[in-house]
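Enquirer: So that we are looking at the same thing, I have put the structure below in structure tokens.
Derivation of every value follows stated rules applied to the coordinates shown; laboratory data play no part. Keep in mind the model is a prediction, meaning the values are calculated, not measured. Positions of Cβ are backbone-derived with ideal geometry, glycine not excepted, and every protein chain shown enters the neighbour counts.
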Amino acid sequence: MTFNELLLFIHIVFAIAWVGGSISLSLNGVRAMSSKDTSARMHFLKQAEFMVRVFNVSGIVVAAAGIWIVIRLDPPYGFEQFWISFALAAVIVSALLGMFFFAPQIRKALAMGESEGSASPALEALGRRIGQVATLELLMLVAVVWAMVVKPGL
């Protein structure tokens with residue numbers, strides 16, 4: 001295995017963990033937040049709090065390995081190519097969402113669940129808002145995977 005292959009392997013494995021984990025977490029979130037079992041909501045929120053940290057680390061590794069790959073392989077790949085610049089921008093947006101939206105909102109939801117109960121209408125509303133943003137972020141991540149595979153403009 002060459003060093004370039006190792007970088008690509010790391011890049012892909014962490015992208016799989018990030019995107020696949022996001023898909024799984026989103027599906028579990030829909031199930032938990034719509035459940036009549038209110039304890040399932042709190043369990044899910046605790047799981048989501050942990051997974052946000054995993055996704056943040058994965059995003060950093062994906063970005064670092066991707067940037068390193070582009071630097072090592074330029075040419076034929078360069079930051080001026082749409083699919084690379086789009087992916088880098090999306091990874092940055094996703095990382096910022098993880099740190100500055102998801103992490104604080106999930107902590108807020110956990111605190112709300114502890115103080116008001118997991119059947120609270122306010123918690124349900126917050127859960128919907130988190131879910132809506134998560135859906136948009138997931139669509140963006142899937143678009144990045146598409147761009148990585150298709151490489152439009154190459």
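Enquirer: For the chain, modelled as a Gaussian network with Cα springs under 10 Å, which listed residue fluctuates most, W83, W68, W18?
Expert: Checking each option, the largest mean-square fluctuation is seen for W68.
Enquirer: Which of (i) 9.2; (ii) 9.7; (iii) 8.2 is the computed mean projected area of the Cα convex hull in nm² for the structure on display?
Expert: (i)
Enquirer: How about K36: which lysines have a C-alpha closer than 22 Å to its C-alpha, ignoring those fewer than 8 places off in the same chain?
Expert: Those lysines meeting the cut-off are K46, K108.
Enquirer: Hey, another quick one. Cross-link partners among aspartates and glutamates for K151, C-alpha distance below 17 Å, same-chain residues fewer than 8 apart left out?
Expert: Hits, sequence-local ones excluded: D74, E80.
Enquirer: Mean Kyte-Doolittle of at least 1.0 plus a Cα span of 30 Å or more along the axis: flag which DSSP H helices in the chain meet both, please.
Expert: Membrane-span-like by this rule: 3-33, 38-73, 121-150.
Enquirer: While we're on this one: Spin-label point model (7 Å from Cα, Cβ direction): what's the I60 to V149 distance in nm?
Expert: That separation, rounded to one decimal, is 3.0 nm.
Enquirer: Something else about it: Could you check the simple spin-label distance between E114 and S26, using points 7 Å along Cα→Cβ, in nm with one decimal?
Expert: For the pair E114/S26, the computed spacing is 3.0 nm.
Enquirer: Then there is this: Would you mind calculating the relative contact order of the chain from Cα pairs under 8 angstrom and at least 6 residues apart, reporting the percent as a whole number?
Expert: 33 percent
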